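Here's the structure, in structure tokens; my notes come after.
The values are calculated or read from the model by the stated rules, or taken from the named source; none is laboratory data. Please read all numbers here as calculations on a predicted model, not as lab measurements. Using ideal geometry, Cβ is built from the backbone for each residue, glycine included, and neighbour counts are taken over all protein chains shown. Just the protein is used for accessible areas: all its heavy atoms, side chains included, with ligands, DNA and RNA removed. Shrake-Rupley method; radii C 1.70, N 1.55, O 1.52, S 1.80 Å.
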Amino acid sequence: QVQLVESGGGLVQPGGSLRLSCAASGSIFSRNAMGWYRQTPGKQRVVVAVIPSGGGTRYADSVKGRFTISRDNAKNTVYLQMNSLKPEDTAVYYCNTYPAITTYWGQGTQVTVSS
């Protein structure tokens, strides 16, 4: 059974940093590109960062230069380092394969950027 568990969210002031983690089942992690997505109330979930299985990264324009996605294949974990956070980064953050597979969505982790 595939499981994705996100952690690391919280409340942070504008300009602050957070590091999100996503632990993935080994059966899906090693051969798949992984992505971080985010969703705010009333809006669609959107991808913010992608890392293929062999490396290389892509970012949404809104987070480019501030967020860094990385993966540790030995630990089946993908990370999202978020710096210079802005109030508009407030959302529930999820990880999934890229493209996302509907049945893999976890509960996500809430990130709130507010003073």
(1) closer than 19 Å to GLY108 by Cβ; (2) open to solvent by 40 Å² or more (accessible area, probe 1.4 Å); (3) modelled with pLDDT of 95 or more: which one isn't true of GLN3, the others all being true?
-> (3)
Selected residue [open to solvent by 50 Å² or more (accessible area, probe 1.4 Å) and touching a helix residue (DSSP H, G or I) at 6+ places or on another chain (Cβ under 7 Å)] from SER114, SER84 = SER114
Among strands (runs of 3 or more DSSP E) entirely inside segment 68-115, those with 1 or more residues being of a type in the set (Phe, Trp, Tyr), farther than 20 Å from GLY56 by Cβ and touching a Pro at 6+ places or on another chain (Cβ under 9 Å) are none
Just to be sure, is LYS64 within 18 Å of ALA23 (Cα to Cα), in a loop (DSSP other than H, G, I, E, B) and either among the basic types (Lys, Arg) or in contact with a helix residue (DSSP H, G or I) (Cβ under 6 Å, 6 or more places away or on another chain) (or both)?
-> no
What are the pairs, 6+ residues apart or on separate chains, where a residue within segment 48-74 that is at pLDDT below 95 has its Cβ under 7 Å from a residue that is open to solvent by less than 30 Å² (accessible area, probe 1.4 Å) and in a loop (DSSP other than H, G, I, E, B)?
-> PRO52/ALA33; SER53/ALA33
Identity of the residue in segment 100-110, touching a strand residue (DSSP E or B) at 6+ places or on another chain (Cβ under 8 Å) and surrounded by fewer than 18 Cβ atoms within 10 Å (Cβ to Cβ), that ends up nearest to GLY35 (Cα to Cα) | ALA100
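Could you pull out the residue among GLY56, GLY65 that is open to solvent by 30 Å² or more (accessible area, probe 1.4 Å) and either polar (S, T, N, Q) or closer than 19 Å to GLY15 by Cα (or both)?
GLY65
Conditions (1) touching a Leu at 6+ places or on another chain (Cβ under 8 Å); (2) farther than 14 Å from VAL113 by Cα; (3) touching a residue at least 12 places away in the same chain (Cβ under 8 Å), marked per residue:
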{"site": "GLN1", "(1), (2), (3)": "no, yes, yes"}
{"site": "LEU4", "(1), (2), (3)": "no, yes, yes"}
{"site": "CYS22", "(1), (2), (3)": "yes, yes, yes"}
{"site": "SER27", "(1), (2), (3)": "no, yes, yes"}
{"site": "TYR79", "(1), (2), (3)": "yes, yes, yes"}
{"site": "LYS86", "(1), (2), (3)": "no, no, yes"}
Every residue from segment 6-25 that is open to solvent by less than 40 Å² (accessible area, probe 1.4 Å) and either in a loop (DSSP other than H, G, I, E, B) or over 25 Å from PRO87 (Cα atoms) (or both) | GLY8, GLY9, GLY16, ALA24, SER25
For segment 30-50, what are the residues that are assigned to a strand (DSSP E or B) and either open to solvent by 50 Å² or more (accessible area, probe 1.4 Å) or under 26 Å from PRO87 (Cβ atoms) (or both)?
-> GLY35, TRP36, TYR37, ARG38, GLN39, VAL46, VAL47, VAL48, ALA49, VAL50
